[in-house]
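Enquirer: Dropping a structure here in structure tokens format, bear with me for questions.
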Amino acid sequence: MTDQSVSQLEAKGVRRFVMPAVLVLGALLMVYPLLWMFSSSLKPEDEIFRNLSLIPQALTFQNYPKGWTFFNVPFSLYFINSFVIAAIAIVGNLLSCTITAYVFARLRFRWRNLWFSLMLLGLMLPHHVTIIPQYIMFNNAHLVNTILPLVLPKFLAVDSFFVFLMVQFIRSIPRELDEAATMDGAGPFRVFVDIILPLCTPALVTVSIFTFVWTWNDFFSQLLYLTSGDKLTVPLALRMLNSSTGEATSTWGILFAMSCLSIIPLLAIFFFFQRRLVEGIATTGLKG
């Protein structure tokens, strides 16, 4: 074996060791804040910032029941409100974005490219640009302090990113399937329901997951439109807990405990649908 071959084998061995080590280090850096938050939720108030170790000196579980009953209503109400808003938003995006994407990807009509370009411009507009006229419109319609301003736009295909994602996925489906169904007498709607929709399962799962995560974590819109205590969501309840922390009282342990509970649905979604999510992202826009 030559010296060059030995050097190549040594370099390959080093890469095989270094790359996993770098990935493990990066994973630890990403997970550490979550571990610290969970550890802090099991510490007494006076130990949270005094003991920065991940191992509590005095273990306590009282922050969880205290946080669950901290307000006049149980914390489960905020979870229910968030789940309801997220579920309706998912249904709205699946219906509107899928139909809109099918129209752009398969049907031919006048100025289609122009309308598609205008739709893509929505990706470049920050949400804060449109929030003021939207608020004025919903306020004039007396819909503020209801969930309608948060879910009604979802049924109008306002999330351009999901429309674009679905368009790219539908374009990857062979047109021969549409033509065969058309020759059998199927119309555009029948083609959409019987041919396109069943083949879009990975993309539909991706849209559902991202819609749930973005809606669950949404703070600004919910803060703007929801004002009553019984209509608040998890992000707003956590903000109220943070506001309750002052010189006289400290709710950091309770805040960390409820924050740990708030990320459980997100972790469960990614855990159970990870394969579908990766499949939907990997196959979107790669063919066409």
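The values are calculated or read from the model by the stated rules, or taken from the named source; none is laboratory data. Bear in mind that the values here come from a model prediction, so they are computed numbers and not experimental data. All Cβ positions, glycine included, derive from the backbone under ideal geometry; neighbour counts span all protein chains shown.
Enquirer: Where residues in the stretch 165-200 are in contact (Cβ under 8 Å) with a residue 12 or more places away in the chain and polar (S, T, N, Q), which of them is surrounded by the fewest Cβ atoms within 10 Å (Cβ to Cβ)?
Expert: S172
Enquirer: A further question on this structure: Within the stretch 74-89, is there a residue that is outside the structural domain of F155 (by TED's automatic domain parsing), surrounded by fewer than 20 Cβ atoms within 10 Å (Cβ to Cβ) and touching an Asp or Glu at 6+ places or on another chain (Cβ under 8 Å)?
Expert: no
Enquirer: While we're looking at this one, here's another question. Does A203 count as surrounded by 16 or more Cβ atoms within 10 Å (Cβ to Cβ) and at pLDDT below 90?
Expert: Criteria met by A203.
Enquirer: A follow-up question, please. Just to be sure, is V191 at pLDDT 90 or above and at negative phi?
Expert: Taking the combined requirement at face value, the residue does not satisfy it.
Enquirer: Pick from S76, S96, S82, S40: which is touching a Phe, Trp or Tyr at 6+ places or on another chain (Cβ under 8 Å), of a type in the set (S, T, N, Q) and under 19 Å from L156 (Cβ atoms)?
Expert: Result of the check over S76, S96, S82, S40: S96.
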